[in-house]
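Report on one structure; see the data block that follows.
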Amino acid sequence: MKRIRINKGNVGLVFKKGDYQRVLTAGIHWLGFAESVTIADERFPFKPTKAPEILLQDKQLASMLHVVDVKDNEIVLLYENGRYRGVLITGIHYYWNTLKEFTFLTVDKSKIYITEQIDKMLFSRYELSQHVRVFEVGATEKAVMIVDDVYVKTLGAGTYRFWKNDTTIKIVKTDMRVQQMEIAGQELLTKDKAAIRVNFFAQYKVVNIETALLENKDFEKQAYIAMQLALRAYIGAYTLDELLEQKEGIADAVFAEIKPVGTKLGIEILSCGIRDVILTGEMKDIMNQVLIAQKQAQANVITRREETASTRSLLNTAKLMEENEMLFKLKEMEFVEKIAEKIGEITVSGNGSIAKQLMDVFSVHGK
């Protein structure tokens, strides 16, 4: 006989010649001939050293254990005294129920939706997060959910979690805000083969996400091409001069053309606008020359008009002086005065007739 003591918090498993005999709880016990004892700590999971099927035939031992059998398509969340402690994966797990209170939440991973009541904070734990698929849909977005290539439903903004398994889940999302599409530097030919570049834009928003994402592939690219073709068709129907005169109508024409196309793509075209119409290369030089020629012609017209007005004024003055001798003399004196203002010194040479003429002139001026 051999006397042994089992402390509180421990359990003793008695074996005789390798065969399990009984379980010992806290206290003083005696072992028989050829018997030995294995001490197990109740704070930790029980790990059988012998076949568990044999050990669990002992009803006392079986009543002291939680036996958690986790199937291939399951995981089990372990809680100790109400606190999360981890995830149990495929296999059989044993926990003592004599010292601590354990609870177990079994999850069927063959389904995709998380219907179990699990604290969201736990999904950040690695041991649980590796079993979960997470999708984020932004505050300004919507998304379509496709399971095994079949549309299921439309998702609004939020965080979505699904169990990770062999089922394929796709989340395709798009921004629901007003967006802008640009056609920058598009080179086009007018009706008279003039090359120009156009910067054009359109504002749009997605109004039917199912149509946009499920019934159309790359709806933004399709809208871009539709706008590009409408722009090309409009500009190709006008000569350069006609286009420059009617460029304000480009946006209205393209808008009317692509609005029905947008409806088919699940989007609403809100507005269109043209930023620039740019002449390229030699065409720019030619138009500059035309502009210079036009301005020169306008300047010549103004010059001729002023010259004609001046000549007409002179003619009227001449007629008045012809009819009125005193007016003629006054005009003559005016010119003499202007001449005299510019003369600083007079040197006279020749016969006396020149001096007499000057005296006559200034004497008339002095009267």
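In terms of distances greater than 32 angstrom between alpha carbons, the cross-link table entries K120/K221; K71/K170; K71/K173; K173/K193 yield K120/K221; K71/K173; K173/K193. Of the GluC sites (Glu not before Pro) found in the stretch 202-252, those that fall in a DSSP loop while having at most 16 other beta-carbon atoms within 10 Å are E215, E248.
Scoring 141-149, 24-32 by mean Cβ neighbours within 10 Å over their residues and listing the highest first yields 141-149, 24-32.
Using θ = phi - 60° in the Karplus curve 6.51 cos²θ - 1.76 cosθ + 1.60, the 3J(HN,Hα) couplings for the stretch 170-184 round to 10, 10, 10, 10, 8, 7, 9, 6, 5, 10, 10, 10, 10, 10, 9 Hz; x is entered for Gly and Pro. Multiplying the residue separation of V147 and V172 by 0.36 nm and removing their Cα-Cα distance gives an extension gain of 7.9 nm.
FYI, it's all coordinate maths here, none of it is from the lab. What you see is a predicted model; the values in this text were computed from it and never measured. Note that each Cβ is placed from the backbone with ideal geometry, even for glycine, and that neighbours are counted across all protein chains shown.
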